[in-house]
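**Student:** First the structure, which I've put down as C-alpha cells, then a few questions once you've had a look.
The values are calculated or read from the model by the stated rules, or taken from the named source; none is laboratory data. Note that this is a predicted model, so its numbers are computed, not measured. Neighbour counts are summed over all protein chains in view; Cβ atoms, including those assigned to glycine, are modelled from backbone coordinates with ideal geometry. For the accessible areas, the whole protein counts, side chains as well, though only heavy atoms, and no ligand, DNA or RNA atoms are used. Shrake-Rupley method; radii C 1.70, N 1.55, O 1.52, S 1.80 Å.
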Amino acid sequence: MSTDFFSDYTMTIDGKSATSPDSIEAFNPATEEVIATVPDASRDQLEEAISAARRAFPEWSARPVEERQAMVAKIGDVIQEHAEDFMRLLTLEQGKGRAGAEWEIGGSVIWCQEIAKQSLPVHVAEKTDDRTVETRRVPLGVVGGITPWNFPVLLAIWKIAPALVAGNTMVLKPSPYTPLCTLKLGELLRDVLPAGVLNIVSGGNDLGAWMTAHPGINKISFTGSTATGRKIMESCSGNLKRITLELGGNDPAIVLPDVNVEETAKELFWAAFQNSAQFCVAAKRLYIHEDIYDELAAALVEYAKTVKVGDGSQQGTDLGPIQNRMQFEKLKNLLADAKADGQRFLLGGEIAEGKGFFVPVTIIDNPPEDSRVVVEEAFGPVLPLLKFNDVEDVIARANNTDYGLAASVWGRDTAKARAIADRIEAGTVWINEIHSFSPHVAFGGHKQSGIGIENALDGLSEYTNAQTIVTRQLQPAE
Ligand code: NAD
C-alpha cells in the first residue's frame, strides 16, 4: 500500500478507514505549529470498533498460534519497510531526535519479531492412565490498549504484539498528543490483518474513559500516569476487566564512592535525560556518596554542556523539546517552586523565550528531601542531586516513595551494590547499567507504579485466562 505519511490521518475500524466530524489538532512541539488534524472518535465509532473486534474474535482466536505469530512478525516487517517515514513522523509529533527515533522504531521491529516467537505452554499437573489434569491459557476476547505520548509507537507494540499472539482482538487508543504514527500503523496494517483484529481509534481522555467502562472490552492494558491508572482501575471494576497498568515512577539511582567518576557521569546523564527525561524509568533522583559528590556533580555538569537541546529534526540534536504544553507548564511551575525555595541550580533552570516547548537540562544541588523536585515525578529534564554517607539511610530514602518502578545502583564492588539492590522496592533494579529492556524480560512496577507485567511469558499470560481441563478416562463398555 502506498501511504502518504504526512497527511490524511484516519482511524482504522473493521479494517476500513474512518474519519469523524470532530477533530483534534496535533502539534510539532519544537515549533508549536499545527502539523495535522486527526479524528476525534464519537461514542458510536467506539461502539463500531468494539463490535468489529468482537466479530473478529472467534475466527482470530481459533487460528493456530503459529499463524498469529506470523502476522505479528509481519507487523514488524511493515514497520521496518516504512522505518524512515515512521522515524521522521515520530520526531515531528513527539519531538525526539534521530537517535531516539531510531531506538524506538528499531525496538518496535525487534519486539514484533521476538514476541512472535512466544507462546504459552500447557501445564500438565497430572497424567495417569485414567486421569489428566491440564491448565492451558485461553484469550480474553477484546483488549483495549491505551498509550501515552513519550514512546507512542514502542509502547503500542508492547501491547499489540502479545495481545494478538495470545489470540485476542483489539481496540487501541493513542494519546491525543501523539496519535499520528499509531494511526499510520493502523492504516498500513489494514492489508495485513483480518478486518476487526486491530482497530485504532483517536480521541481525547473521554474516549479512554468510555473504553474502560465499556462491557464489550475484556481487558485494559494501559501505560500512563498513576493518577489516570487509579481512575482506570475503578472504572474497569464494572465488568471486572483484567488490567495491566504501567504507571509513573520516581526512580532512584544510588552511586557508591568506588565508581569511575568520569565514566559514570556520562552514563548517569543519559540515565536521567534520555528522551528529555520523558521516560517512566528515567533516573529521577541521583543519590551520590558524599566522598565523590562534588567531583561527580562537576563532571555531570561538564558533560551536560556538550549535549545539544533543540528541534529533533535538526542534525546534531541530542535532546528534543517537551512533548506538549501541559507538561511544559508543569515543568515551569516545578522550576519556579525550586527557585522560590532558594534551591541552587548547578545548570539550567531558565526557560528561554521563543517558540517550542524547550526546557534546558537542569541540575539542582542537594535540595531538601521533601522538596517537590525530589518527591514528584518531574517527567522532564529537571534532576536533583542528593548527598548521602550511610547505606541504611540511602536505602530508606530511595524507598521513601509511593512509586516502585525501577532503580539503579552504581559501584565497582558488585556484591555491595547487589546487597543494596536486593532491598530496593522496585520492579527492575539495574546494577552498573540502565534501561536494558527485552521482549523476554519481565517489566512491571511495584507499589503505585503499576499492576501486572509487560514482556516475557509473564506479560503474554496477562492477555489470557487460565483454563484447567480435568479428564477422567471411563473404562470401555463391557
Ligand atoms: P496520562 O495518564 O495523562 O495519559 C495516558 C493515556 O491515558 C492517554 O492516551 C490519555 O488520553 C488516556 N487517558 C487519560 N485519562 C483517561 C481516563 N480517565 N480513562 C482512560 N484513559 C485516559 O499519561 P501521559 O501524560 O500520557 O504519560 C505520562 C505518564 O506515563 C508518566 O507518569 C509516566 O511515568 C508514565 N509512563 C509509564 C510507563 C511505564 O511503562 N510504567 C511508560 C511510559 C510512561
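**Student:** For residue 266, go through the lysines and keep the ones whose alpha-carbon is under 24 Å away, minus same-chain ones fewer than eight residues off.
**Tutor:** The reachable lysines, counting only those whose Cα sits under 24 Å from residue 266, are 96, 284, 305, 308, 387, 416.
**Student:** Given H placed on each backbone N at 1.01 Å, which residues far from residue 284 in sequence or on other chains put an amide H within less than 5 Å of it?
**Tutor:** 251, 253
**Student:** Answer with one residue from 326, 414, 366: the one whose Cα lies farthest towards the positive end of the charge dipole of segment 251-431, charges on Cβ with Lys, Arg +1 and Asp, Glu -1.
**Tutor:** 326
**Student:** Same structure, new question: What is the magnitude of the charge dipole of the chain about its Cα centre, with +1 placed on the Cβ of each Lys and Arg, -1 on the Cβ of each Asp and Glu, and no other charges, expressed in debye to the nearest 20?
**Tutor:** Working: 44 positive and 65 negative charges, 214 e Å.
The dipole of the chain has a size of about 1020 debye.
**Student:** In units of 2.2 N^0.38 Å, what is the alpha-carbon radius of gyration of segment 376-478?
**Tutor:** Relative to the 2.2 N^0.38 Å estimate, segment 376-478 comes out at 1.64.
**Student:** Between segment 230-248 and segment 2-29, what is the separation of their alpha carbon centroids in Å?
**Tutor:** Answer, in whole Å: 28.
**Student:** For segment 251-431, with equal point scatterers placed on the C-alpha atoms only and solvent neglected, what are the log10 I(q)/I(0) values from the Debye formula at q = 0.09, 0.17 1/Å, to two decimals?
**Tutor:** Results for segment 251-431 at q = 0.09, 0.17 Å⁻¹ read -0.29, -1.06.
**Student:** Excluding same-chain residues fewer than 8 positions from residue 219, which lysines have a Cα within less than 20 Å of its Cα?
**Tutor:** Cα-Cα hits under 20 Å: 159, 173, 231, 241.
**Student:** Please arrange 32, 353 by accessible surface area, largest first, computed with a 1.4 Å probe and ligands excluded.
**Tutor:** 353, 32
**Student:** Let me ask another. Where Lys and Arg each count +1 and Asp and Glu each count -1, what net charge lies around residue 142 among other residues with Cβ under 9 Å from its Cβ?
**Tutor:** Net charge in that neighbourhood comes out at +2.
**Student:** Quick one: pull the percent of accessible area on segment 76-181 belonging to carbon and sulfur, 1.4 Å probe, ligands and nucleic acids left out.
**Tutor:** Carbon and sulfur atoms account for 51 percent of the accessible area of segment 76-181.
**Student:** Measuring from centroid to centroid over Cα atoms, what is the spacing of segment 440-478 and segment 327-370 in Å?
**Tutor:** What the calculation gives is 45 Å, centre to centre.
**Student:** Counting Lys and Arg as +1 and Asp and Glu as -1, each charge on the Cβ, what is the dipole of segment 107-169 about the Cα centre in debye, to the nearest 20?
**Tutor:** The calculation lands at about 200 debye.
**Student:** Taking only protein heavy atoms and a 1.4 Å probe, what accessible area per residue, in Å², does segment 1-122 have with all protein chains in place? Let's see the in-between values first.
**Tutor:** On the way: 5640 Å² over 122 residues.
That works out to 46 Å² for each residue.
**Student:** Please determine, in degrees from 0 to 90 and to the nearest 10, the orientation of helix 261-273 with respect to the longest principal axis defined by the Cα atoms of the chain, where the helix direction is its Cα long axis.
**Tutor:** Tilt of helix 261-273: around 50 degrees.
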